[in-house]
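Worksheet for the structure shown next.
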Amino acid sequence: MATPLRDMPVVISHCGLRAIDPEGGKLVSAKQICISENIMTQKTALVTGAARGIGLATTHLFVEQGWRVAMVDRDGDELANVAKGINEASPFVCDVSQADQVDQMVADVRTTFGRIDAVVNNAGVADFGPIEETDFARWRRVMETNLDGVFLVSQACIPSLRETRGALLNIASISGLRASTLRVAYGTSKAAVIHLTKQQAAELGEYGIRANCVCPGPVRTKLAMAVHTQEIIDAYHDAIPLNRYGTENEIAEVITFLCSDKASYVTGQIVASDGGFDSTGVGLPALRT
Ligand SMILES: NC(=O)c1ccc[n+]([C@@H]2O[C@H](COP(=O)([O-])OP(=O)(O)OC[C@H]3O[C@@H](n4cnc5c(N)ncnc54)[C@H](O)[C@@H]3O)[C@@H](O)[C@H]2O)c1
């Protein structure tokens, strides 16, 4: 393995500060040293489901805040397409529900970026249907991404997060906080993610790893629009004190805050970014003036 720049002896030559690469005896310039040092210290976030929606908005916001991002998604075409335009990000094609793919992906991210400071478990699928029509295959399809994926990616990243005393951030949903019709698989998977977050916080805190969970309210992404009829949209507007859907960026702001050092004493928390939906009881629309 090549000697890291920071371990090379430094000399002042006739052309300024230089490091000597013991492998090849080559002189390396101060500018190269600075660039390499920056790469070694710049924080890296791994974001799953990054090809679109909330994951893509989160990628953009991390980059704006000076992070590099490993963009993970199983939709290789869409991922390659969006990642092209983002300088500080690299795409990694991976189905988070497949343990072997997850292990390979995390190894590849380590090779590319050298470190992982935050993991955003955002990849998710929605499938709404009545309990009696949810056969086991349908149930498993939801669970394997929404729950198994969070478990697998988090577990594979623990050694890296121990090194950086980094953060896990899991995306659940208001459907994991409050039960509703048609969400036996989706809502149950998200409730499990909420509890998994608390387990992670309890067990990994001693390594300095924080684990938090964001529960978005409705956002007009491809996932939501595939399952929200006009009736559902109207019902949400009525039940949300802020009286509107959220935006991808509003969710991303909460995610990046919880991953940042600004939240260094926050762990095991479930934060709803939902326009007030979770905190509100029945009867609100009737009580509006
Ligand atoms: N949009 C909403 O209203 C809403 C509300 C609450 C929670 N959420 C949650 O937010 C997260 C992001 O949702 P979104 O609305 O941005 O959805 P989206 O469909 O726009 O994006 C999800 C991305 O995840 C990827 N993905 C799905 N399964 C995967 C797998 N097994 N492996 C790798 N990638 C996979 C998809 O290819 C897609 O790019 C999900 O966990 C979702 O449950 C969304």
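The values are calculated or read from the model by the stated rules, or taken from the named source; none is laboratory data. Computed from a predicted structure; not experimentally measured. Note that we place each Cβ from the backbone using ideal geometry, even for glycine, and neighbour counts take in every protein chain shown.
Values as computed for the structure displayed
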item: Top-ranked residue of segment 225-254 - restricted to ones that are among the hydrophobic types (A, V, I, L, M, F, W, C) and under 16 Å from the mean Cα position of the chain (by Cα), ranked as farthest from the ligand (Cβ to nearest atom); result: VAL254
item: Condition broken by LYS222, with the remaining ones in (1) within 13 Å of the ligand (Cβ to nearest atom); (2) modelled with pLDDT of 95 or more satisfied; result: (2)
item: Residue in segment 255-274 that is surrounded by 15 or more Cβ atoms within 10 Å (Cβ to Cβ), within 15 Å of the chain's Cα centre (by Cα), more than 15 Å from ASN122 (Cα to Cα) and among the polar types (S, T, N, Q) present; result: yes
item: Any helices (runs of 4 or more DSSP H) falling wholly within segment 154-266 and containing at least 1 residues that are under 30 Å from ASP135 (Cβ atoms); result: 174-177, 184-204, 222-227, 230-239
item: Residue within segment 105-117 that is away from the ligand (no atom under 16 Å from the Cβ), aromatic (Phe, Trp, Tyr) and free of Cβ contacts under 8 Å to residues at least 60 places away in the same chain present; result: no
